[in-house]
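As structure tokens, the structure follows; a few thoughts come after it.
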Amino acid sequence: MLGASLVNQARARIERQARYATALSRGGARASALRALLDRACQCVTALSRPQDLRIPVEAETDGDDILIARSVELRNPTLARDLRRAGRLSAGLCSLGYDQDAAFDWAERDYAVHHVQTDLARETLFAFARASDRAFRAPHPGWRLIRVPVQAEAACGERRLWDPAAVQALLAQFPTHSCPVSLTDTGFFRPLHTVLRLNLLLPPQGRR
Amino acid sequence: MLTEEDKDDLFAAICDGDRETVVSLVTRARDEGEDLARLVKDTMIPAMAEVGELFSAGEIFVPEMLVAARAMQGGIDIIEPVLAATDHEPLARVCIGSVKGDLHDIGKNLVVMMLKGAGFEVEDLGVDVSNEAFAAACDRGNSVVCLSALLTTTRPQMVKVIAHLKASGKSAKVVIGGAVVTQDFADIIGADAFGEDAPGAVRAVKRALGLAN
């Protein structure tokens, strides 16, 4: 079960987002209806979540500004290369709420509005879960910094840079298959959908930039 | 029968997302023998159109559109079985799905709600929908196919759906939308229309069918 505090934390964040905050602050029937949707969404996320939190150390070799992670993912990142040479430790973290959208839609009795709010809430809950996981991972290392390392594809047709599905797949393959509850489609979607994979650098105090 | 004031209240209740009032007024209209098709056409659909316009103008956000659409659906759920027993025809039959390989449904679902609120009959094919499933939906009488894609990795699948529909002789109009889709892309791949957001998708479907400019 997912801790109620994480779901409540996610709900509080959502209620502060302009699109929700504006509707809630206007009061009246709209705000009441929205609160009811948020209540249902909280129940849904709490009922369906089967949280998984995995972390593994990841090997990284540097060659100048180039980095080869887990012998499969190539990155060019001068700052990361320098930090790795300064005793930085690289790890991959995987957090999943452990349920998929079709299960949530069924739980909501195919109510599109409940399902939509559930999706917003699940995303925030997942991020709250990942932040909590990162804090717990860093806790035994007072004074160390935990830095998120992006693994991005080249810009496609001038559009925003996205995580490279092939690199994500290579990182995911580092997790022991018997304990990893997550897979990735060829098109770059996690199954279950509410999953986040991150590459973190743990940097000792003397290694700080 | 509902008075003009009652109809104004129904309009306002949909806009405000007051599902309870919508259900109450529509139930009364049904029980008192109101012309429900006309109530939908003259009061309820214009209310959702107003909600769409407010959203497009930036005066309300998605959550407010959601509660309005849900209130509207509360009324439609009461009216639909009554209309189904008559020769009432929807504005058109539309199918919608996220293309093969795409597992996101949030944008698609918003479009489903807004299309229903505009008087269309909508067949939701879900996510990760194969080309063959879109073609089969055309065979079931859908005259518009709406395609959604979230990522650049799934956007090329839209090209394949259009090619498949053409190759299998389907005459349905194709409307596309999604986070990575633009009007230029729609023009390049030969889609009939592009919807920039959920209310925009409704306008795009109407344009594709020649129901609006």
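Read-outs throughout are calculated quantities, based only on the coordinates presented, and are distinct from any laboratory measurement. The structure displayed is predicted, hence computed values, not measured ones. Here the Cβ is made from the backbone with ideal geometry for all residues, glycine too, and neighbour counts use every protein chain on show.
Quick notes on this structure:
- Under 5 Å from the amide H of residue B:146 lie the amide H atoms of B:95, B:96, B:97, B:175, each residue being 5 or more positions distant or on a separate chain, with H modelled from the backbone and absent for Pro and chain starts.
- For region B:98-107, Karplus couplings with θ = phi - 60° (6.51, -1.76, 1.60), whole Hz, Gly/Pro x: 7, 5, 3, x, 9, 9, 8, 10, 5, x
- A cut-off under 13 angstrom between Cβ atoms defines the neighbours of residue B:37, and their net charge, with Lys, Arg +1 and Asp, Glu -1, is -3.
- The alpha carbons of the protein assembly as shown occupy a box of 79, 50, 38 Å along the principal axes, longest dimension given first.
- Furthest towards positive pole of dipole, A:117, A:133, A:104, structure part region A:100-146, Cβ charges: A:133
- Taking 7 Å steps out from each Cα toward its Cβ at residue B:32 and residue B:4 produces label points 1.5 nm apart.
- The simple Förster model, with R0 at 60 Å and r as the Cβ-Cβ distance, assigns residue B:12 and residue A:139 a FRET efficiency of 0.70.
- Label-to-label distance, residue A:47 versus residue B:179, with points set 7 angstrom from Cα along the beta-carbon direction: 2.7 nm.
- Counting only alpha carbon atoms, the long axis of helix B:19-31 and the longest principal axis of chain B meet at about 70°.
- Considering only B:157, B:73, B:183, the mean-square fluctuation computed in a Gaussian network model of chain B, springs between alpha carbons under 10 angstrom, is largest for B:183.
- Environment charge of residue B:142, counting only residues whose C-beta is closer than 13 Å and scoring Lys/Arg +1, Asp/Glu -1: 0
- Seen from every direction in turn and averaged, the convex hull around the alpha carbons of region A:2-77 projects onto 8.1 nm².
- Spatial offset of region B:151-205 relative to region A:100-128 amounts to 26 Å, using the alpha carbon center of each.
- Nearest 10 degrees, 0 to 90: helix B:198-208 Cα axis against chain B principal axis: 70
- Under Karplus coefficients 6.51, -1.76 and 1.60, residue-wise ³J(HN,Hα) of region A:24-33 in Hz, glycine/proline x: 5, 6, 6, x, x, 5, 4, 5, 4, 5
- Gaussian network model of chain A, springs between alpha carbon atoms under 10 Å - residue of A:104, A:18, A:170 with greatest fluctuation: A:18
- Gyration tensor (alpha-carbon) shape descriptor, region B:85-213, a/c threshold 1.5: rounded
- Choice from B:86, B:154, B:27 showing the highest fluctuation, given a GNM over chain B with Cα pairs closer than 10 Å: B:86
- DSSP loop GluC sites (Glu not before Pro) with at most 12 other Cβ within 10 Å: longest gap in chain B: B:60-213
- Estimated D of chain A in µm² per second, where Rh is the Kirkwood radius over Cα pairs and Stokes-Einstein applies at 25 °C, 0.890 mPa s: 130
- Taken as Cα centroids, region A:1-68 and region A:162-206 sit 19 Å apart, rounded to the nearest whole angstrom.
- Local electrostatic count at residue A:148 - Lys and Arg +1, Asp and Glu -1, tallied over other residues with Cβ under 9 Å: 0
- For region B:138-147, backbone phi angles converted through the Karplus equation (6.51, -1.76, 1.60; θ = phi - 60°) give residue-by-residue couplings of 5, 5, 8, x, 6, 9, 9, 10, 9, 10 Hz, Gly and Pro being listed as x.
- Computed on chain A, with alpha-carbon pairs under 8 angstrom and 6+ residues apart, the relative contact order is 26 percent.
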